[in-house]
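Heads up: the structure comes next, in structure tokens.
The values are calculated or read from the model by the stated rules, or taken from the named source; none is laboratory data. Model, not experiment: these values are computed from the prediction. FYI the Cβ positions are ideal-geometry reconstructions off the backbone, even for glycines, and counts take in every protein chain you see.
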Amino acid sequence: MFGFGRPQPTSAEKIAAIENELKVVAEMHSRMIKVCSAKCLDKTYREGELSKGEAVCLDRCAAKFFEAHQIISDQLQKEGAARGFGGGM
Amino acid sequence: MFGFGRPQPTSAEKIAAIENELKVVAEMHSRMIKVCSAKCLDKTYREGELSKGEAVCLDRCAAKFFEAHQIISDQLQKEGAARGFGGGM
Amino acid sequence: MFGFGRPQPTSAEKIAAIENELKVVAEMHSRMIKVCSAKCLDKTYREGELSKGEAVCLDRCAAKFFEAHQIISDQLQKEGAARGFGGGM
Amino acid sequence: MEGLTPAEQRELDQRLQKRQVKEFMTVFGNLVDNCFNACVDDFTSKVLSGRETGCISRCVIKSMTTQARLGERFAELNAAMTAEMQQKMSR
Amino acid sequence: MEGLTPAEQRELDQRLQKRQVKEFMTVFGNLVDNCFNACVDDFTSKVLSGRETGCISRCVIKSMTTQARLGERFAELNAAMTAEMQQKMSR
Amino acid sequence: MEGLTPAEQRELDQRLQKRQVKEFMTVFGNLVDNCFNACVDDFTSKVLSGRETGCISRCVIKSMTTQARLGERFAELNAAMTAEMQQKMSR
């Protein structure tokens, strides 16, 4: 997701890079679960099974969340290059 | 809380297992603080001391949270074995 | 922020102490972003630029958050010494 | 990203296993918080009522189904995106 | 879980100390967020008012009392559960 | 804070870089959550609408400006506090 482009990575760097990549993916996954559950699930839990409406909502929410993730990532890379985002940290 | 049942654990594995166990407990504790504070405390903070009602609410909330934690843990182990919970991660 | 007062720190301890210090600062920064964004930003996002009102609110929120952070830190050190705060963990 | 030696692969596998345990604990913790928050609001007793345990049990089932479903969607979307990125890179 | 060598015990102790520092920082951070959120809502000035500092101070005291109380309850409940589990296992 | 050997400094730099990556990921993740939560509420389609992408884009810009502004304030406040603490310590 974030290309770093190092010249000749060491063992530790290669492993860290893959680990990082997977961490980004795993975090995005768990954020998606949180956000889409909040958006789509009926919180009274009168039913244990997902209703048809909830299931469809989750599918669409997942697709939209993924899309949003990508456009925000692209936008940050563009603007970040221009403005120096994250310099304050 | 989660039994892994390894055959002959190494030093690092033994330490990691204990650490993990304690981490689960510590996390549960801090989650309990968060959840029960939200459920029981009057957020206007006109008083610095816990009222009798708040104190009793916290005690009961703690007991219920613990109970909920256990039944959810049990349920996940049963259903997880049947359905393969967490396979998506 | 938290003085530990060790006698003769090893390399690892020195690095860990600095790292910790910076972690406290970084965490405080990201908490400030979260809290002050919630307090000050108009969530409809009809405008991409900060309004004058939002900008001024953020500046004041930052100053107040910092001040709150300090007085809470001081209070905890005083009360913690007296009551043994965190002993339950 | 390819081209790991067996030793590197082993190290990576160990870390991923650790990550999975951590990830599972986060998901589990969120589930407990959510289901407790949604189902328990009565503190006149210190024991969960039948209504509360029923609600929690349904909440757990629904959350698991939700996670499984979102896991599938996520895998599909991720595979599609990866394929697209590799296409772009190989150009 | 028993049967650690002294070296293992030392390693474990070090990690637990790290964990405690981390844990304390989380609790402290949550406390700041909570008390600030609950007590500060006026941004016509950049200095905390007397009302706000008073509210924050009471919030901190109440949060500490709450944490101490929940810490005791947690320890009791955890001890009871551990005893129960050990009984089950020794059967 | 002073008195690190070059080797210690290198070790520290590496850790700080790791921390920065982690920090960036948290900030980025929060940004996605916030902007998605604020801008997307219609699940009759599985593709973001023009209104939604516009809202997200403005939300990202505003969040970045906010972060930059709070970063400046934070640096100023932190510098002031550090100076004050060093004055106290040197007494």
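Taking the criterion of being outside any helix (DSSP H, G or I) and without any contact (Cβ under 8 Å) to a residue 40 or more places away in the chain, would at least one residue in segment A:23-42 satisfy it? Yes, the conditions are met somewhere in segment A:23-42. When the residues of segment A:43-54 are filtered to those that are assigned to a loop (DSSP other than H, G, I, E, B) and of a type in the set (D, E, K, R), the one that is nearest to D:A75 (Cα to Cα) is A:E49.
Could you tell me whether D:V40 is within 8 Å of chain B (Cβ to nearest Cβ), in contact with a His (Cβ under 6 Å, 6 or more places away or on another chain) and within 21 Å of E:L70 (Cα to Cα)?
Values: within 8 Å of chain B (Cβ to nearest Cβ): yes; in contact with a His (Cβ under 6 Å, 6 or more places away or on another chain): no; within 21 Å of E:L70 (Cα to Cα): yes.
Spelling it out, it is not the case that D:V40 is within 8 Å of chain B (Cβ to nearest Cβ), in contact with a His (Cβ under 6 Å, 6 or more places away or on another chain) and within 21 Å of E:L70 (Cα to Cα).
Does segment A:31-53 contain at least one residue that is crowded, with 16+ Cβ neighbours inside 10 Å, of a type in the set (A, V, I, L, M, F, W, C) and out of contact with any Leu (no Cβ under 9 Å at 6 or more places or on another chain)? Yes. Among residues of segment D:57-78 that are closer than 23 Å to A:V24 by Cβ, those with a Cβ under 9 angstrom from a residue that is acidic (D, E) and in a helix (DSSP H, G or I), sequence gap 6+ or separate chain, pair up as D:T66/A:E54; D:R69/A:D59; D:L70/A:D59; D:R73/A:D59; D:L77/A:E67. Taken over segment E:22-77, the criterion of being hydrophobic (A, V, I, L, M, F, W, C), crowded, with 16+ Cβ neighbours inside 10 Å and under 17 Å from C:A62 (Cβ atoms) is satisfied by E:V32, E:C35, E:F36, E:C39, E:V40, E:F43, E:L48, E:I56. Being among the polar types (S, T, N, Q), more than 8 Å from chain A (Cβ to nearest Cβ) and in a helix (DSSP H, G or I) is a property that does not hold for F:T53. Within segment B:50-78, track down each residue that is more than 7 Å from chain E (Cβ to nearest Cβ) and over 13 Å from the mean Cα position of the chain (by Cα). Residues satisfying the conditions are B:S51, B:K52, B:G53, B:E54, B:V56, B:C57, B:R60, B:Q75, B:L76, B:Q77, B:K78. Taken together, the residues in segment B:19-60 that are under 23 Å from D:F36 (Cα atoms), at pLDDT below 95 and among the acidic types (D, E) amount to 2. Among the residues of segment D:66-89, those identified as modelled with pLDDT under 90, hydrophobic (A, V, I, L, M, F, W, C) and more than 30 Å from A:S51 (Cα to Cα) are D:M85, D:M89.
A search for C-beta distances below 7 Å between a residue of segment B:48-59 that is under 20 Å from E:I56 (Cα atoms) and any residue that is part of a loop (DSSP other than H, G, I, E, B), counting only pairs 6+ apart in sequence or on different chains, returns B:E54/B:L41; B:E54/B:D42.
Exactly one condition in (1) part of a helix (DSSP H, G or I); (2) within 7 Å of another protein chain (Cβ to nearest Cβ) is not met by F:K46; state its number. Exception for F:K46: condition (1). Within segment F:1-22, residues that are more than 10 Å from chain C (Cβ to nearest Cβ) sit with their Cβ atoms under 7 Å from residues that are surrounded by 10 or more Cβ atoms within 10 Å (Cβ to Cβ), at 6+ positions apart or across chains, in these pairs: F:V21/A:N20.
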